[in-house]
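Undergrad: After the structure tokens below, expect a handful of questions from me.
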Amino acid sequence: MNPDEARVVESYGRRVVLSLPDGQRQPAEVFGKRLRVVCGDEVRVSQHAENSALQVLDVLPRKTHFTRTNSQGQAEVLAANITQLVVLMSDHPVSDPFIVDRYLAGAELGGIKALLVATKQDLGQSEEFQAHILAYQQAGYGVCNVSARDQATLHTLRQALSNEVSMLVGESGVGKSTLTNALLGTNTQRIREISESTGEGRHTTVSSILFDLPEGNAALIDSPGVRDYAPAPVNDLQVSFGWREFARYTGQCKFNNCLHLREPGCAILAAVKTGEISQRRHESYKRLVNLMRQLLPSYERH
């Protein structure tokens, strides 16, 4: 990293925290109203005087970016230059597998590796939860079962995080901040108990924060918990690229523009019928197709 470059490790609109080439972290201001930066961005900075605040002047080209659909139905970048998305699932409270599917689709569509982590192993797993895990493994995803209270269960996860810039995502209450603290060996991230009235998690992380992990050349971004997530809008044909298991049947459908919904001679539908592809995962795919159709104008859908 050049002396006039830095990495954004926290972003609060026009104010950010930067990691400088010497390892120090320092607050800075974003220069210019049109410049938008996110956690993980590599930026060019300047300091007009020795005691003045650093200014972010420009964002260097992003190698990857992880996006979502915001409340206005538009694409919004959540983090940049990550190499791996770590999607957390919990059986306490129960995670929504359809949200997990959309996170995984977001990673696939962004060209980012994905890993599933089943948290709170010490509390046990229901048969239904284990069935969801099996479906993800059959789809081709690696799964780590962990308990933040038991360091021995974190060994495989630590290996998977090594040499990666990983972003932890998931619904509120799945234990992202607790897991981050366990991996860092500190109480850096604030933790709250599950809401007794709703059984849902309470938001503890208000913005994405990047941490350097103590072992290996690795970094970890802890992100705020969510109630829902959807990838940035894409057209009908692109949605299928978010389902890793569909790739095994590329070119086997009767029609080149098959959307795997109800078309005759569809290899994906045949695989669902035989159980080679999870019926619930395929239902999740159909739901995302319908959602994307609501977001995109008709002329962009195809």
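Undergrad: Tell me, which strands (runs of 3 or more DSSP E) lie completely within the stretch 45-113 with 1 or more residues that are touching a Lys or Arg at 6+ places or on another chain (Cβ under 7 Å)?
TA: Working: elements: 54-59, 65-69, 75-80, 84-89.
In the stretch 45-113, the matching strands (runs of 3 or more DSSP E) lie at 54-59, 75-80, 84-89.
Undergrad: Need the failing condition index for P93 against (1) over 23 Å from R14 (Cα atoms); (2) modelled with pLDDT of 95 or more; (3) not β-branched (V, I, T), just the number.
TA: So the condition that P93 fails would be (2).
Undergrad: Turning to a different aspect of this structure: Which condition does L104 not pass, out of (1) in the same structural domain as N217 (by TED's automatic domain parsing); (2) over 22 Å from R158 (Cβ atoms), if it passes all the others?
TA: (2)
Undergrad: Assess whether V117 counts as being over 10 Å from the mean Cα position of the chain (by Cα) and either among the β-branched types (V, I, T) or assigned by TED's automatic domain parsing to the domain that holds S11 (or both).
TA: Answer is yes for this residue.
Residues are listed down the side, and each one gets a yes or a no for (1) assigned to a helix (DSSP H, G or I); (2) in contact with a Phe, Trp or Tyr (Cβ under 9 Å, 6 or more places away or on another chain):
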| site | (1), (2) |
| --- | --- |
| L210 | no, no |
| E215 | no, no |
| L220 | no, yes |
| P224 | no, no |
| D228 | no, no |
| P233 | no, no |
| L237 | yes, no |
| F241 | yes, no |
| F246 | yes, yes |
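Undergrad: Hey, another quick one. Could you list all residues from the stretch 51-96 that are under 22 Å from R25 (Cα atoms), of a type in the set (G, A, S) and assigned by TED's automatic domain parsing to the domain that holds Q125?
TA: A79, A80
The values are calculated or read from the model by the stated rules, or taken from the named source; none is laboratory data. Computed from a predicted model, the values in this text were never measured in an experiment. Cβ: placed from backbone, ideal geometry, glycine included. Neighbour counts: every protein chain shown.
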